[in-house]
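Chemist: Sharing a structure here in structure tokens format.
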Amino acid sequence: MPFCKPWRPPVFGLAAACFYAAAAAAQPAPLAERIQTCGACHDEDGNSKLENIPSLAGQPSFFLVNQLILTREQVRPVEAMLPFVKDLKDEDIVALADHYSKLPPKPSGEPIDPALVKRGAELAEQRRCGSCHLPNLAGQEQIPRIAKQRVDYLIKSLKEFRDGTRLGADTNMSVPVAGLSDADLSALAHYAASR
């Protein structure tokens, strides 16, 4: 007697296909795939070449973990990042942070003005930037590496800290940048990027 398949309505097959597609989508993406996704903006080696996109290479691991969690939880809302971080598990965040913290930071290739670097060095000394970011500006723990960071991103970030518009940010940066002009912030950015 030939084997007879039980009849199932076509909707069942569609529902099963949708279920398995959803289950496959819910599987965590491999780290290499996540790194490739991040690389579209932050570059493959973590050294951004895009305007106002920060470099991640060489950032302290704890800083990256902290920022990714704050962004995922929308405490620090970064709209462009939300689709990429909203489903990250804590272990994914730790793996990404560990990966980027081990990559060597490189200069962004933006023009660095020597006169601004000199003025920025004076301001960094006066404002004691090295106390938190370390004398070489490599960062530590939850404090970011600002050495070799993009100039445009640093200027934008410093203005947000000064103007109180950076949501979910550490308020410790408010005092060091209080009262500084746009020109001062530009000088600090050129100095940090040159280190």
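Chemist: Return only the number of the condition from (1) closer than 17 Å to GLU51 by Cβ; (2) open to solvent by less than 30 Å² (accessible area, probe 1.4 Å); (3) not basic (Lys, Arg) that LEU123 does not satisfy.
Modeler: Only one criterion is unmet by LEU123, namely (1).
Chemist: Report yes if ARG162 is open to solvent by 70 Å² or more (accessible area, probe 1.4 Å) and either in contact with a helix residue (DSSP H, G or I) (Cβ under 6 Å, 6 or more places away or on another chain) or in contact (Cβ under 8 Å) with a residue 12 or more places away in the chain (or both), otherwise no. Reasoning before the result, please.
Modeler: Values: open to solvent by 70 Å² or more (accessible area, probe 1.4 Å): no; either in contact with a helix residue (DSSP H, G or I) (Cβ under 6 Å, 6 or more places away or on another chain) or in contact (Cβ under 8 Å) with a residue 12 or more places away in the chain (or both): yes.
Here the answer is no, as ARG162 does not meet what is asked.
Chemist: Further question on the same structure: From GLU79, GLU44, GLU51, GLU91, grab the single residue that is at pLDDT 95 or above, surrounded by fewer than 15 Cβ atoms within 10 Å (Cβ to Cβ) and more than 19 Å from ILE155 (Cα to Cα). Reasoning before the result, please.
Modeler: On the way: GLU79 fails: at pLDDT 95 or above; GLU44 fails: at pLDDT 95 or above; GLU51 fails: more than 19 Å from ILE155 (Cα to Cα).
Within the list GLU79, GLU44, GLU51, GLU91, the selection yields GLU91.
Chemist: Let me ask something else. Which one is farthest from CYS129 (Cα to Cα) among residues in the stretch 165-182 that are assigned to a helix (DSSP H, G or I) and in contact with a helix residue (DSSP H, G or I) (Cβ under 8 Å, 6 or more places away or on another chain)?
Modeler: Step one: filter the stretch 165-182 for residues assigned to a helix (DSSP H, G or I), giving 171-177, 182.
From what is left, the residues that are in contact with a helix residue (DSSP H, G or I) (Cβ under 8 Å, 6 or more places away or on another chain) are 172-174, 176-177, 182.
Values: ASN172: 11, MET173: 10, SER174: 12, PRO176: 8, VAL177: 10, ASP182: 17 Å.
Restricting to residues being assigned to a helix (DSSP H, G or I) and in contact with a helix residue (DSSP H, G or I) (Cβ under 8 Å, 6 or more places away or on another chain), the top hit is ASP182.
Chemist: Filtering the stretch 133-159 down to residues that are basic (Lys, Arg) and touching a Pro at 6+ places or on another chain (Cβ under 9 Å), which residue is surrounded by the fewest Cβ atoms within 10 Å (Cβ to Cβ)? Can you show your working first?
Modeler: Residues of the stretch 133-159 that are basic (Lys, Arg), as a first pass: 145, 148, 150, 156, 159.
Remaining after also requiring touching a Pro at 6+ places or on another chain (Cβ under 9 Å): 145, 148, 150.
Working: ARG145: 25, LYS148: 20, ARG150: 25.
Among residues in the stretch 133-159 that are basic (Lys, Arg) and touching a Pro at 6+ places or on another chain (Cβ under 9 Å), the one surrounded by the fewest Cβ atoms within 10 Å (Cβ to Cβ) is LYS148.
Chemist: Can you tell me which residues in the stretch 170-195 are under 27 Å from ASN66 (Cα atoms), open to solvent by 30 Å² or more (accessible area, probe 1.4 Å) and aliphatic (A, V, I, L, M)?
Modeler: Residues satisfying the conditions are MET173, VAL175, ALA178.
The values are calculated or read from the model by the stated rules, or taken from the named source; none is laboratory data. Just so you know, these numbers come straight off a predicted model, no measurement behind them. Glycine also receives a Cβ, built like all others from the backbone with ideal geometry; neighbour counts cover every protein chain displayed. In case anyone asks, the SASA skips ligands and DNA or RNA and just uses the protein heavy atoms, side chains included. Shrake-Rupley method; radii C 1.70, N 1.55, O 1.52, S 1.80 Å.
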